[in-house]
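Just below is one structure, and these are the notes that go with it.
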Amino acid sequence: MPRILARKNPGTFKTLPLWVEAGPDGLAYRSQGLPLNFAQTLARRRPVQLDDPQRFAVALANLGVSVRLTLTLEGRDYWVLVRQRRPDRGDTVLKLISGYVPAHELNLPLLTAIQEVAEECLLETADGWLAGRFGDTWLPTPYQERLHYRDAAYFRLSPLSGAARPVQSGSLTLLERPRAYVHLPTASLQLVYDMRLDLPGEVRRLSLYHVDEILEGSELVARLERRRPDLYLLELADGRPSGGLFTLRYGERVPVATRGLWLSESFAEQEGWVVRDERVRWKDWLGRVRPRSAKAS
């Protein structure tokens, strides 16, 4: 049976529409207009067109963040992906951990990013659930009323190398240098942070679960469903995807079939600052990015 971990009122969430200016050497965004609730934001996420993907000024519906999270298990590196059913787009995809940036964190999108990791990526060990830290900052434990978090052990998040071109929020340069793209079909700006998750020294029977909030009536409901962990490990070889996809249950990798699988737009090809596709086929993406040695085998 799925276990309800939290209930929220979606009306309390507010975000801000954006004005974005981009050139070959950088991108800057700032708020434009009044805060919007979730329904109002979705109503504004309509396709936009840009003639030049390198240089433009455009009004967008919202700012989002994603985390490309690298995890090492038994000497192998993996990217952490989650499954998302997208009723507004009529599809189901694997994507990076991601979420909308609330109005009060528009200038601190990194804070939203690490909170999304805490909310969406749950790590269970034989001795309880793991909380996390980013540097000296404890990540929130959003489900502490329902789950037993361990006191003496925790995972660590740390930034990996940033993108080459800077991103500014107003006049402030984002020091972590996330990758940025404007997604034309949804009129949104997305920032992608590259991070590593390091486990504590002694972890027994680790299981990974994804928890996502789903709108049910007038509430956002977060459920843990052990039979559908919905959190996946994409194996890397020399830092690039090899094609292996797994879930992790009680310390054991379980292979996942990839036939007919789709990935979200963050895996689609980017031209300048622009991503034009809604999604990309797994086999098409893998053929583009897999190391030559893996292709040859």
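The values are calculated or read from the model by the stated rules, or taken from the named source; none is laboratory data. Fair warning: this is a prediction, and the values are worked out from it, not measured in the lab. As a convention, Cβ positions derive from the backbone with ideal geometry for all residues, glycine included, and neighbour counts pool all protein chains shown.
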- Item | Selection within the range 101-127 - free of Cβ contacts under 8 Å to residues at least 24 places away in the same chain and surrounded by 15 or more Cβ atoms within 10 Å (Cβ to Cβ) | Glu105, Leu111
- Task: Check the range 238-248 and report whether any residue there is touching a residue at least 40 places away in the same chain (Cβ under 8 Å), assigned to a loop (DSSP other than H, G, I, E, B), surrounded by fewer than 18 Cβ atoms within 10 Å (Cβ to Cβ) and small (Gly, Ala, Ser).
- Result: yes
- Item | In the range 52-67, the residues that are surrounded by 16 or more Cβ atoms within 10 Å (Cβ to Cβ) and touching an Asp or Glu at 6+ places or on another chain (Cβ under 7 Å) | Pro53, Val65, Val67
- Item | Residues (modelled with pLDDT under 95, assigned to a strand (DSSP E or B) and surrounded by fewer than 16 Cβ atoms within 10 Å (Cβ to Cβ)) located in the range 151-170 | Asp151, Ala152
- Note on the structure: Here the residues within the range 1-34 that are modelled with pLDDT of 90 or more, part of a loop (DSSP other than H, G, I, E, B) and touching a strand residue (DSSP E or B) at 6+ places or on another chain (Cβ under 7 Å) are Lys14, Leu16, Pro17, Gln32
- Note on the structure: Selection from the range 231-267 of residues in contact with a helix residue (DSSP H, G or I) (Cβ under 8 Å, 6 or more places away or on another chain) and within 30 Å of Arg55 (Cβ to Cβ) yields Leu263, Glu265, Phe267
- Restricted to the range 175-201 and to residues being of a type in the set (A, V, I, L, M) and in contact with a helix residue (DSSP H, G or I) (Cβ under 7 Å, 6 or more places away or on another chain), the residue farthest from Ala61 (Cα to Cα) is Val192
- Every listed condition ((1) under 26 Å from Pro159 (Cα atoms); (2) part of a strand (DSSP E or B); (3) out of contact with any Leu (no Cβ under 6 Å at 6 or more places or on another chain)) holds for Leu215 save (1)
- Please enumerate the residues belonging to the range 86-99 that are surrounded by fewer than 16 Cβ atoms within 10 Å (Cβ to Cβ) and either touching a Gly at 6+ places or on another chain (Cβ under 7 Å) or in contact (Cβ under 8 Å) with a residue 40 or more places away in the chain (or both). Asp88, Asp91, Thr92
- Query: Counting just the residues of the range 249-280 that are under 30 Å from Arg204 (Cβ atoms) and among the small types (Gly, Ala, Ser), which one comes out surrounded by the fewest Cβ atoms within 10 Å (Cβ to Cβ)?
  - Reply: Ala257
- Query: Are any residues in the range 120-170 closer than 18 Å to Leu248 by Cβ and in contact with an Asp or Glu (Cβ under 7 Å, 6 or more places away or on another chain), and if so, which ones?
  - Reply: Glu120, Arg150, Phe155
- Given the conditions (1) at pLDDT 90 or above; (2) touching a strand residue (DSSP E or B) at 6+ places or on another chain (Cβ under 8 Å); (3) surrounded by 14 or more Cβ atoms within 10 Å (Cβ to Cβ), and given that Arg204 satisfies all but one, which numbered condition is not satisfied? (3)
